[in-house]
Amino acid sequence: MYSGLLHAHNGLRWLVLLAFLVSIIFAFAGWFKKGDWKKNDKLSGLILVILMDLQFLIGIVLYAFVSPITKAAFNDFGAAMKNADLRFYAVEHILMMAIALVLVHIGRARSKKDIAHWKRHRSAAIFYTISLLLILASIPWERAMF
């Protein structure tokens with residue numbers, strides 16, 4: 001079960017990153033061109049949120065129930081905080097990803113408000129970009145490649 005969930009989590013990461021790139025490109029293009037908020041803008045944000053939610057759900061299941069790494073960290077949390085790898089998975093990764101998830105949801109919610117279209121694009125661009133930067137800083141890159 002652990003291996004399957006870990007592979008799903010690792011594989012879905014690439015779809016999430018692709019959704020980020022598309023959503024951010026649409027958002028910045030709409031913001032700088034002061035373009036209308038179109039169906040593609042709405043759909044790209046929706047797909048991003050869905051993929052992020054799914055990725056976070058798989059991550060939570062791994063974190064809370066099946067990961068031997070987090071189980072080891074929680075057996076002796078004090079010692080885990082002194083070990084950079086255990087601390088990363090037990091605290092840093094989950095915290096940064098949770099913040100990134102919240103930022104994506106804020107960006108999506110703000111882009112749905114009844115405001116000028118370019119302001120919708122601006123909100124999406126800012127929140128999605130900050131979220132992506134947090135995610136890029138929190139991905140365990142040495143384990144990210146298959």
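Selection of first residues in the stretch 132-143 that are free of Cβ contacts under 8 Å to residues at least 60 places away in the same chain and of second residues that are among the aromatic types (Phe, Trp, Tyr), restricted to Cβ pairs under 9 Å at least 6 apart or on distinct chains, gives the following pairs, ordered by first then second residue: Ser138/Phe88; Pro140/Phe88; Pro140/Tyr89. The C-beta contact set for the stretch 1-28 (first residue over 20 Å from Arg122 (Cα atoms) and without any contact (Cβ under 8 Å) to a residue 60 or more places away in the chain, second residue small (Gly, Ala, Ser) and part of a helix (DSSP H, G or I), distance under 8 angstrom, 6+ apart or interchain) comprises His9/Gly59.
Listed by first and then second residue, the pairs linking a residue in the stretch 105-128 that is in contact (Cβ under 8 Å) with a residue 12 or more places away in the chain and at negative phi to a residue that is assigned to a helix (DSSP H, G or I) and among the basic types (Lys, Arg), with Cβ atoms under 6 Å apart and 6 or more places separating them unless they lie on different chains, are Ser111/Arg120; Ser123/Arg110. Could you say whether any residue in the stretch 64-87 is among the polar types (S, T, N, Q) and under 16 Å from the mean Cα position of the chain (by Cα)? No, every residue in the stretch 64-87 fails to be among the polar types (S, T, N, Q) and under 16 Å from the mean Cα position of the chain (by Cα). Restricting the stretch 7-16 to residues that are surrounded by fewer than 16 Cβ atoms within 10 Å (Cβ to Cβ) and of a type outside the set (Gly, Ala, Ser), which is nearest to Leu48 (Cα to Cα)? Among residues in the stretch 7-16 that are surrounded by fewer than 16 Cβ atoms within 10 Å (Cβ to Cβ) and of a type outside the set (Gly, Ala, Ser), the one nearest to Leu48 (Cα to Cα) is Leu15.
Number of residues in the stretch 92-107 that are in contact with a Phe, Trp or Tyr (Cβ under 8 Å, 6 or more places away or on another chain) and closer than 22 Å to Ala29 by Cα equals 4. Each residue in the stretch 94-119 was checked for being modelled with pLDDT under 95 and buried (at least 18 other Cβ atoms within 10 Å of the Cβ), and 1 pass.
Here the stretch 29-57 is the region considered, the condition is being touching a residue at least 12 places away in the same chain (Cβ under 8 Å) and of a type in the set (Val, Ile, Thr), and the residue that is surrounded by the most Cβ atoms within 10 Å (Cβ to Cβ) is Val49. Determine, yes or no, whether Ala27 is in contact with a helix residue (DSSP H, G or I) (Cβ under 6 Å, 6 or more places away or on another chain) and among the hydrophobic types (A, V, I, L, M, F, W, C). Yes: the conditions hold for Ala27. Against the numbered list (1) touching a Phe, Trp or Tyr at 6+ places or on another chain (Cβ under 9 Å); (2) within 16 Å of Asn10 (Cα to Cα); (3) among the β-branched types (Val, Ile, Thr), Thr129 comes up short only at (2).
The values are calculated or read from the model by the stated rules, or taken from the named source; none is laboratory data. Note that this is a predicted model, so its numbers are computed, not measured. Cβ: placed from backbone, ideal geometry, glycine included. Neighbour counts: every protein chain shown.
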